[in-house]
2 protein chains.
Amino acid sequence: MKNLTGKQLREEKFPPNLPETINLKHGKFTFATGNSEFPLLKLESGMKFGPITLDYETYGTLNKNKDNAILICHALTGNSHVAGRLDKDSETGWWDPIIGPGRPLDTNKYFIVCSNILGGCSGSTGPNSINPETKEPYAMKFPTITIKDMVETQKILLEKHFGIYHLKSVIGGSIGGMQALQWGVTYPDFMDKLVVIAATSKLSPQSIAFNKIGRHAIMIDPKWNGGNYYKEKRLLDGLALARMVAHITYLSDEAMQIKFGRKHANITEYFDFDEKFEVENYLDHQGYKFVKKFDANSYLYLSKAMDLFDISRDFNSLEDALDNIKAKEILIMSFTSDWLFPSYQSQEMSNILKEKEKNVEYHEINTYSGHDSFLIEYDKINPIIDNFINKD
Amino acid sequence: MKNLTGKQLREEKFPPNLPETINLKHGKFTFATGNSEFPLLKLESGMKFGPITLDYETYGTLNKNKDNAILICHALTGNSHVAGRLDKDSETGWWDPIIGPGRPLDTNKYFIVCSNILGGCSGSTGPNSINPETKEPYAMKFPTITIKDMVETQKILLEKHFGIYHLKSVIGGSIGGMQALQWGVTYPDFMDKLVVIAATSKLSPQSIAFNKIGRHAIMIDPKWNGGNYYKEKRLLDGLALARMVAHITYLSDEAMQIKFGRKHANITEYFDFDEKFEVENYLDHQGYKFVKKFDANSYLYLSKAMDLFDISRDFNSLEDALDNIKAKEILIMSFTSDWLFPSYQSQEMSNILKEKEKNVEYHEINTYSGHDSFLIEYDKINPIIDNFINKD
């Protein structure tokens, strides 16, 4: 028996798309430059901000009517690279098994767009971008942004760059699901179908608490230096710690039992204070891998955007907010072992949408894989998405 | 309506015991000094260690036969001060509503002992104690200790200091419950009754992961200085962070919804990055209150002792371990919303004990208060403990 990692097993089952097979294109679009065509973006906070660049990828081909587009919204630490490989040595996109010929988001039928979110650090404007006024990175002078602001920038990208004024679907998991939900409420006529996976209508205090832990860990790290750490390029322990905490919330009690149990890295030195259980080594590995590729200030601003997310903020109630949605069909999906955004939160949205006589389909998927299920359980989620997206 | 805190409400219902009413005594006992009467303690790791001082309190009066004693084992950051007030200005003991005349652990009937655990920082020998060889605090040269080591020291205190060779009961919650369980397995003839509350037979990988986060937070804090921070007396941000993470695990999703919801400390500055939700202020408050009174190195060693806890370590199975218990009656209690040591873990122990035809009583208490329930839900736990302890 081969001893393959989860990723290798997945790639055996879903061979990575080749860039040419899915017509992978990578690009950037800059707007909110402050001229008459592209005024500064008015953020939800009221502040005006720009310029803004979005880093995007597309797969498939936009048809003449420009009505075959699907927008994918990524999660907290994701990026625009959803599918395929940019070249043979590069990493496979983060949702590759869902995209491509014959897969649920079929690149022979649809034109798929994903952009790195505003505030991110994978090519779009974020705290590590250069502030044109000071010629220094914004760092902590970056404005507070919200999920709604992310949606605004995605809409500008679609309209002004691609000429897309209507989407087949908006789809996202985790805070990508929050963006999809925000799209449905704020721009109800913009899409036919809405897919909200492993998300919530508002952050619970427990989730805010975990995000606070992550931010606090970053901000008490002297190497973070009040956000001005870019010149030194040192590995930030605080950011590693934030990622470790997040990883616990992405898994589940049962997933950890199966994955690690009480296996000890060095059983002969069991009572040595410095020796570790395997779950500890896993967290160390994930934490310090992450700090090499992610910007701590981005983490601060994006986790804050999550905390501020409450789809009912501008409404009298959640019912009123969700009543705004006009998508012809809505798919809501949750996972039994997801305790970051537990099923009951998705169930509540689904119930309200049903009461409001929206055409909603709710699936609670039975799995031990926790919040991360939307990036793992393709055998379970692919048929549901396939049926929902392609049934007509 | 008065706006009372949870603690004030509790003290209205259970007025704090006066020291004289419960015959409160505070003392210290030193052993493992290395002489013929008190040899060094052989720790579970194999290392020999001493001297050891235990700080203790007692309530009630030891009878002539010395057979009316109950041992209380405290949780991670607890201390020997379980009941009453040392003087009128001091803090009420941490389990006061359970102890005293007419309460489940009735000081008119029982002699109650609780000592600060080995490795603690509230008067017993721990990493902040002076190493007699170096005249400096042990800091990180303190040996790795285990729950079993804590039990060994408690047994020496009972036998050598009080002359107690048999207990009415051993009782504890959280890691106090682990100590009680260890007592039952290692010294099965020493007690009539065993009470294990909100505990587990072994730390799960998820709980190890949370403890790892706490330790990592402490150890990456430059002010911790490799453990040698005693001279500077600076507030350790890392320890505050460890406490914040722990507090999340002591509560529950629902408890946080009820306690904080999405209340924002400063709604007019909602989009200000530095403004916080109330749950964030709560965590800050708890974290930084804690660093003033608890030793970071103690936190490291005690959380490690938790991680190493596995009652079946010296046995072939959990069944074999629990089969050792000879207490005439066993009470196991868990709380529905405790996700740190979830009910299924207590249920498993209870099922095994039943299969082994032990006299076990299992109560799963329905509450949203999470792991902390054993320090809060007196209306629910007192009648159960009362009935169990006093029924004959």
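Coordinate-derived values only; no laboratory data. All of these numbers come straight from a predicted model, not from anything done at the bench. We place every Cβ from the backbone using ideal geometry, glycine too, and count neighbours over all the protein chains shown.
Quick look at the numbers
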| quantity | calculated |
| --- | --- |
| Cα-based Kirkwood hydrodynamic radius, the stretch A:270-392, one decimal, Å | 17.8 |
| Approximate spin-label separation residue B:356-residue B:234, in nm, with each point projected 7 Å along Cα-to-Cβ | 4.9 |
| The stretch B:122-226: relative contact order in percent, alpha carbon pairs under 8 Å with at least 6 residues between | 18 |
| Ranked A:230, A:59, criterion: other C-beta atoms within 10 Å, fewest first | A:230, A:59 |
| Backbone HN-Hα couplings from phi across the stretch A:92-104 [Karplus 6.51/-1.76/1.60, Hz, Gly and Pro as x] | 6, x, 6, 10, 3, x, 9, 10, x, x, x, 9, x |
| Exercise: per-residue mean of other protein chain Cβ atoms within 10 Å, B:254-261 | 3 |
| Neighbour net charge for residue B:221 - beta-carbon separation under 13 angstrom, K R +1, D E -1 | +1 |
| Distance between the stretch B:145-162 and the stretch B:25-40 - C-alpha centres, whole angstrom | 11 |
| Exposed-site-free run, longest, chain B (rule: trypsin sites (Lys or Arg not before Pro); DSSP loop; at most 10 other C-beta within 10 Å) | B:294-390 |
| Relative contact order (percent, whole number), chain B, Cα cutoff 8 Å, 6+ residue spacing | 16 |
| Shielding of A:241-249 by partner chains, average beta-carbon count, 10 Å | 4 |
| Calculated FRET efficiency for the pair residue B:133/residue B:219, C-beta based, R₀ 35 Å, to 0.05 | 0.90 |
| Gyration tensor verdict on the stretch A:305-347 (Cα atoms; rounded if a/c is under 1.5, prolate if a/b is larger than b/c, oblate otherwise) | oblate |
| In nm, spacing of pseudo-spin labels at residue B:387 and residue A:392 (7 Å Cα→C-beta vector) | 5.9 |
| Antiparallel %, DSSP beta bridges [both residues in the protein assembly as shown], to 5 | 40 |
| Rounded to the nearest 20 debye, dipole of chain B from Cβ charges on Lys, Arg, Asp, Glu | 840 |
| Distant-in-sequence amide H partners of residue A:230 (H built 1.01 Å from N, under 5 Å) | none |
| Net charge over other residues, Cβ less than 15 angstrom from the Cβ of residue A:38 (K, R count +1; D, E count -1) | +2 |
| Label-point gap, in nm, between residue A:289 and residue A:65 - each point 7 angstrom along Cα→Cβ | 4.4 |
| Global form of chain B, assessed from the alpha-carbon gyration tensor, a/c cut-off 1.5 | rounded |
| Sorted by Cβ neighbour density within 10 Å, fewest at the top, the residues A:95, B:183 | A:95, B:183 |
| Integer Hz, Karplus 6.51/-1.76/1.60 couplings in order for the stretch B:320-336, x for Gly and Pro | 4, 4, 5, 5, 5, 4, 10, 3, 5, 9, 10, 10, 10, 10, 9, 10, 3 |
| Rounded if a/c under 1.5, otherwise prolate or oblate - the stretch A:203-308, Cα gyration tensor axes | oblate |
| Helix-only [θ]222 nm of chain A, DSSP H runs n ≥ 4, -39500 (n - 2.57) each, per residue, nearest 500 | -9500 deg cm²/dmol |
| Charge tally in the Cβ shell below 9 Å around residue A:312, where Lys, Arg are +1 and Asp, Glu are -1, residue A:312 excluded | -2 |
| Filter on B:148/B:326; A:168/A:293; A:202/B:7; A:141/B:292; A:326/A:391 - keep pairs with C-alpha separation over 21 Å | A:168/A:293; A:202/B:7; A:141/B:292 |
| Difference of contour (0.36 nm per residue) and Cα-Cα distance, residue A:166 to residue A:12 | 51.9 nm |
